[in-house]
1. So, in the range A:420-464, exactly how many residues are surrounded by fewer than 17 Cβ atoms within 10 Å (Cβ to Cβ), among the hydrophobic types (A, V, I, L, M, F, W, C) and part of a loop (DSSP other than H, G, I, E, B)?
2. Mind telling me which of the residues A:A93, A:A84 ends up being aliphatic (A, V, I, L, M), touching a Phe, Trp or Tyr at 6+ places or on another chain (Cβ under 7 Å) and either open to solvent by 10 Å² or more (accessible area, probe 1.4 Å) or within 10 Å of chain B (Cβ to nearest Cβ) (or both)?
3. How do the pairs read when you match residues in the range A:117-138 that are within 23 Å of A:I252 (Cβ to Cβ) with residues anywhere that are among the acidic types (D, E) and assigned to a loop (DSSP other than H, G, I, E, B), using Cβ under 9 Å and keeping only pairs 6 or more apart or on different chains?
4. Tell me, please, whether a residue that is modelled with pLDDT under 90 and either of a type in the set (V, I, T) or more than 17 Å from A:Q249 (Cβ to Cβ) (or both) can be found in the range A:409-425.
5. If you go through the range A:263-318 one residue at a time, how many are closer than 16 Å to A:V217 by Cβ, within 14 Å of chain B (Cβ to nearest Cβ) and polar (S, T, N, Q)?
6. Specify which of the listed residues (A:A51, A:A68, A:A126) is surrounded by fewer than 21 Cβ atoms within 10 Å (Cβ to Cβ), at pLDDT below 95 and over 30 Å from A:G421 (Cβ atoms).
7. Out of all the residues in the range A:195-231, which are open to solvent by less than 20 Å² (accessible area, probe 1.4 Å) and either of a type in the set (S, T, Y) or more than 10 Å from chain B (Cβ to nearest Cβ) (or both)?
8. Take A:F186 and decide whether it is in a helix (DSSP H, G or I), aromatic (F, W, Y) and surrounded by fewer than 22 Cβ atoms within 10 Å (Cβ to Cβ).
Amino acid sequence: MNTAAVITFILYLCILIAFGVLFYRYSETLPDYILGGRKLKSGVAALSAGASDMSGWLLLGLPGAVYAAGLNQIWIAIGLSIGAFLNWQYVAARLRTLTEMTGNAITLPDYLEQRFEDKSRVLRIATATVILLFFALYTASGLVAGAKLFESSFGWGYEPALLAGAGVIVVYTFLGGFMAVSWTDFFQGILMFLALLTAPILLIFFYENWSTLTAGVTGVDPAFLNVYHDMTLIGILSLLAWGLGYFGQPHILARFMAIESANLVPKAQMIGIGWMVFALFGAVFVGFTGIAYFAGSPLPDPEFVFMVMIQELFNPWLAGILLAAILSAVMSTVDSQLLVCSSALAEDFYKGLLRPKASNSELVWVGRLSVVAVALVALVIAWNPEAMVLELVAWAWAGFGASFGPVILFSLFWRRMSLQGALAGVITGAVTVLVWNHLEGGWFDLYEILPGFVLSSLAILLFSLRSRPPSASVTAIFDKVQ
Amino acid sequence: MEETTLPIHSWFWLFAPMIAVFVLSILNYLRKRGSADVTGFGVSGKSASETDAHTDAHTDAPMEDRS
């Protein structure tokens with residue numbers, strides 16, 4: 001890596017830490033630290049939701065998949081766009097309002113407990129445990145991806161790269177909490193957007209005209225232009241089903257809960273979906289162009305198609321910024337997941353079960369120390385670069401989508417839903433994802449989120465209708481938002 | 001039979017579902033701008049702490065007072 005790119009990159013990391021320092025004094029209470037005191041503006045909510053959602057997949061995974069297999073990979077982008085749109089359209093404003101009305105709930109387990117008046121604490125413990133378990137693995141996978149990026153960019157060893165990446169994320173998350181994470185995600189979202197907008201424009205100039213580019217792709221394999229090539233109905237449904245995952249992702253739903261007012265949701269939705277559509281287009285285009293660009297010398301690792309193109313095509317200063325954008329994509333997800341884990345430990349376990357009367361200052365410090373503790377666990381998991389944690393991303397996405405998604409949706413829209421229904425939904429979704437993942441052949445090749453989502457929904461319906469109707473106080477809160 | 005060419009206008013159709021959700025988001029914003037009911041499901045555009053319905057003593061507590 002050349003000096004200009006290194007300087008740009010280090011400057012970028014310094015800016016991230018500066019965000020942490022800047023927002024340190026705004027984290028006086030636990031709701032400030034883990035939900036920013038619900039003061040997010042529409043632009044920050046939109047881009048931070050997008051950036052924390054997409055992770056390294058947007059700049060590494062998707063371009064790599066299109067580069068390796070062609071335009072048939074577009075189905076996942078379509079599924080994600082529709083899922084994100086529906087999430088903003090039907091979940092965001094309602095969740096924002098209901099979480100504040102149910103005792104100012106600041107985490108999903110907190111919201112579900114209060115929504116169903118669960119005195120047994122079972123729902124809180126079960127959902128917070130699921131969050132900690134899945135996010136520890138999810139965070140570890142992000143750290144592995146970040147370390148590999150550091151490794152290939154700077155030529156460092158894997159372990160120093162892992163420590164450096166995790167160190168920067170922990171510093172600004174530890175100091176500034178949710179506001180630092182959201183603002184760094186906003187900044188990172190802009191970088192990712194610019195990178196994915198700039199690259200296609202420059203690549204079109206490089207190829208001079210569209211025909212030259214498509215002829216180059218056709219020369220490699222005409223099937224790369226066919227969206228149905230090598231795709232079965234199960235394959236297309238599996239890729240589209242990724243969109244279902246949005247309804248249950250705690251780090252994305254936290255942005256909805258933190259937006260300043262439900263009034264800001266339509267504007268945030270427009271910004272967020274616009275960002276997503278252009279970014280996905282840019283990612284697909286980069287992978288597509290890569291097919292022609294590397295026709296003579298195919299890349300050993302398709303996921304590095306964007307990175308290698310950046311280094312070969314762009315000015316070193318611009319390359320440094322674009323490389324920072326790739327690392328941004330990874331960091332913006334890891335920081336959000338760290339903070340959700342921290343909120344589960346500080347709010348759901350420490351305050352919820354152990355020290356209900358703990359002071360603001362004590363809770364904020366428990367939150368901060370939880371960030372460090374979860375980061376250490378994730379580091380231990382990620383220490384072995386050959387660990388299969390990267391493959392767990394799809395599994396964790398399905399796990400959250402199937403176990404939390406239907407429960408959140410029904411809790412927002414169905415008055416008759418009961419505590420038993422909520423518990424049955426969480427357990428059925430999680431178990432279906434775990435079991436389906438180990439089955440093979442025919443319909444069992446379907447991405448586990450789809451059967452998990454359907455069975456979880458059926459369990460909610462069945463158990464709610466077979467249990468006693470919710471109490472008058474439970475339905476009263478629900479009725480207030482009708 | 002495999003495609004051998006991809007006219008530039010085909011990209012529009014490839015991305016049509018994504019463009020559609022973006023257009024719907026813009027229309028939704030324009031329609032809801034200034035409306036009290038931002039979700040179309042009767043949810044007030046105000047934050048919960050601003051609503052008259054917010055009578056529960058627990059929920060009345062400002063966020064900084066919760067703990």
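1. 1
2. On the way: A:A93 fails: touching a Phe, Trp or Tyr at 6+ places or on another chain (Cβ under 7 Å).
Exactly one residue qualifies, and that residue is A:A84.
3. Final answer for the pair search is A:R124/A:D118.
4. Our first condition is that a residue be modelled with pLDDT under 90; within the range A:409-425, this holds for none.
Within the range A:409-425 (the criterion being modelled with pLDDT under 90 and either of a type in the set (V, I, T) or more than 17 Å from A:Q249 (Cβ to Cβ) (or both)), the answer is no, since none of the residues qualifies.
5. Matching residues across the range A:263-318 total 1.
6. Values: A:A51 fails: surrounded by fewer than 21 Cβ atoms within 10 Å (Cβ to Cβ); A:A126 fails: over 30 Å from A:G421 (Cβ atoms).
Residue meeting the stated conditions: A:A68.
7. Here is the first cut: in the range A:195-231, the ones open to solvent by less than 20 Å² (accessible area, probe 1.4 Å) are A:195-196, A:199-200, A:203, A:213-214, A:217, A:223, A:225.
Within the range A:195-231, A:A195, A:L196, A:A199, A:P200, A:L203, A:T214 qualify.
8. Details: in a helix (DSSP H, G or I): yes; aromatic (F, W, Y): yes; surrounded by fewer than 22 Cβ atoms within 10 Å (Cβ to Cβ): no.
It is false that A:F186 is in a helix (DSSP H, G or I), aromatic (F, W, Y) and surrounded by fewer than 22 Cβ atoms within 10 Å (Cβ to Cβ).
The values are calculated or read from the model by the stated rules, or taken from the named source; none is laboratory data. Remember, it's a predicted structure, so these values are computed and weren't measured experimentally. Counting neighbours? That spans all protein chains shown, and the Cβs are built from the backbone with ideal geometry, glycine included. Just so you know, the surface numbers come from the protein's heavy atoms only, side chains and all, with ligands and any DNA or RNA stripped out. Shrake-Rupley method; radii C 1.70, N 1.55, O 1.52, S 1.80 Å.
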